[in-house]
Amino acid sequence: MHTLTRRAALGAIASIPAIGGATALPLPPATDLSAEPALATIEDYAAAQFDGMDPGLFKELCAGLPSNDEWRRQLYAIRLSASLLRHSKAELVEIVSAMEGQMTTEGDETLAVHMLDGMMGTRDRLRGMADMVETALARFMSAAASA
């Protein structure tokens, strides 16, 4: 079972305007962060108001989703990232040094730079997708709370 704290839920709902033009709920004022946060209530979700996404913005969002080929590259970067975690810093220094001497098949950058760019691109794309899913989840939870 997944639960959101009240602060996280309101934060997710407040982020809706950035993706679809909604009436945002203000975040509650900062309080003692060491205290256990309260869970969002059904009323918190039901109180959120939002409009559907502008069709042009929606088309742009869909166009930014990865193709099957792009997904393969993203998955490669994720697997590479997981594999790198098993190495010590000394081992990674050796790996990177060896990669610095190798060019990509296109010959425009070293293999190390290519892999670094791939991991950074994957990180950024996954963050954006997580934001999109979080916003959709907040909207769906708001609708479910109002049903």
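Label separation (M132 vs C62): 1.1 nm, computed from points 7 Å beyond Cα along the C-beta direction.
Shown here: segment 98-147, whose C-alpha atoms stretch 60, 17, 8 Å along the first, second and third principal axes, sorted largest to smallest. Backbone amide hydrogens, once placed in the peptide plane, bring Q49 within less than 5 Å of T23, excluding anything fewer than 5 places away on its chain. The amide H of L39, built 1.01 Å from its N in the peptide plane, has R6 as neighbours under 5 Å, considering only residues 5 or more places off or on other chains.
The numbers here are math on the coordinates, done by the rules we state, and not lab data. Quick caveat, the model's predicted, so the values are computed rather than measured. No Cβ is skipped: glycine too gets one built from the backbone with ideal geometry, and neighbour counts run over all protein chains shown.
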